[in-house]
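Only the coordinates and a few stated rules stand behind these numbers; no lab work does. Note that the structure is predicted; figures quoted are calculated from it, not measured. In this analysis, Cβ positions are derived from the backbone assuming ideal geometry, glycine residues included, and neighbour counts consider all displayed protein chains.
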Amino acid sequence: MAYTLLISAPELQALMREHQRLMVFDCSFDLATPSRGAVLYREEHIPGAVHADLDQHLSARHGAPGPGGVLVAGAADAPCSGGRHPLPNRERFATWLSSVGFANDMQAVVYDRNGANYCGRLWWMLKWAGHDAVAVLDGGLQAWKAAGGAVASGDEPAHFQTNFRLGEPLRRLVGADEVHARLSGGGQVVIDARAAARYRGEVEPLDPVAGHIPGALNRPFGENLGPDGRFKPAAQLRAEFDALLAGRDPGSVVHQCGSGVSAIPNLLAMEIAGYPPTALFAGSWSEWCSDPTRPVERGG
């Protein structure tokens, strides 16, 4: 049985006891102090987990996307999106997966200690790479420890390199040009995962322009979790997203946030709620507001 959305701590413990083919990734991160992600990992992590750092492994390091976010010929490191955390191209991502020993026949489990804010990025990227058997550890490291799971410290031994093969993308990536083109014609629902004050343009701690994409709906990503740090039940998530959409077409939804990372808990929550997969605007607000010709809306 493949886990494709969520996996509980007891379910992961069972897979480990059965010596199933799997790899666990610790995606813990600190946006204010990026180097702290590696420190947290070395302090404690699930035994055997591979560290997946947002800046070092899950974002492009340099280059620029071509028109429409398409990789330009000859630019092996060119990202597939703009914004503060641009997506690496799929080939570069596959190279990293191979380097850490991840193979196509493995179950992937991703977690963090940040309310699923950062591990969702790797969950989505693996789907985008054509790998369906990836699940978020519901409740993160905290749930693992609460369930009696052991922790390790320091670095883990390196794995033998594999040859991860890309498949057809299982999730849809959209660029700023497509989002912009569909603003006036309708047929698109943008959901913004940032905090309400940032969405309204009252504060903007990270990007040069405050506000939101015109017509975007606001659902801060933390609203998907209950008090225990786990995702809310599917029926509750369904009712909340139904209320947010208010009759709009869920199939047209595009998710965004500040830099394409915290949008993914909303995307994942919609799938938990039973909606078909929706699209991600990975460049998000940081890419949108970098072009002064793109419209900006403020207020609620």
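Which Cys in the chain stand alone, with every other cysteine's Cβ at 4.7 Å or more from theirs?
So, CYS80, CYS257, CYS289.
I want the local charge near LEU206. Using Cβ-Cβ distances under 10 Å, sum +1 for each Lys or Arg and -1 for each Asp or Glu among the other residues.
+1
Give me the net charge for the shell around ALA279: Cβ to Cβ below 13 angstrom, other residues only, Lys and Arg +1, Asp and Glu -1.
+1
Taking 1 over the mean of 1/r across every pair of different Cα atoms in region 6-146, what Kirkwood radius in Å do you get?
That comes to 15.6 Å for region 6-146.
Compute and list, largest first, the equivalent-ellipsoid semi-axes of the chain from the alpha carbon gyration tensor, each √(5λ) rounded to a whole angstrom. List each step's numbers first, then the result.
Working: eigenvalues 181, 99, 64 Å².
After diagonalising the Cα gyration tensor, the semi-axes are 30, 22, 18 Å.
What is the chain's relative contact order, in percent, from Cα pairs under 8 angstrom and six or more apart in sequence? Can you show the working numbers first?
On the way: 621 pairs, mean separation 61.5, N = 300.
That works out to 21 percent.
Quick one: 3J(HN,Hα) in Hz for region 94-99, Karplus 6.51/-1.76/1.60 with θ = phi - 60°, rounded, Gly and Pro as x.
4, 4, 5, 4, 5, 5
Counting Lys +1, Arg +1, Asp -1, Glu -1, what net charge surrounds CYS27 among other residues with beta carbon under 9 Å of its beta carbon?
Cβ neighbours under 9 Å give a net charge of -2.
Which residues among region 97-114 fall inside the zone where the amide N is under 14 Å from a point 7 Å beyond the Cα of GLN161, along Cα→Cβ?
From region 97-114, the list is 97-102.
Which percent, to the nearest 5, of DSSP beta bridges fully inside the chain are antiparallel?
Values: 3 of 25 bridges.
Antiparallel bridges: around 10 percent, rounded to the nearest 5.
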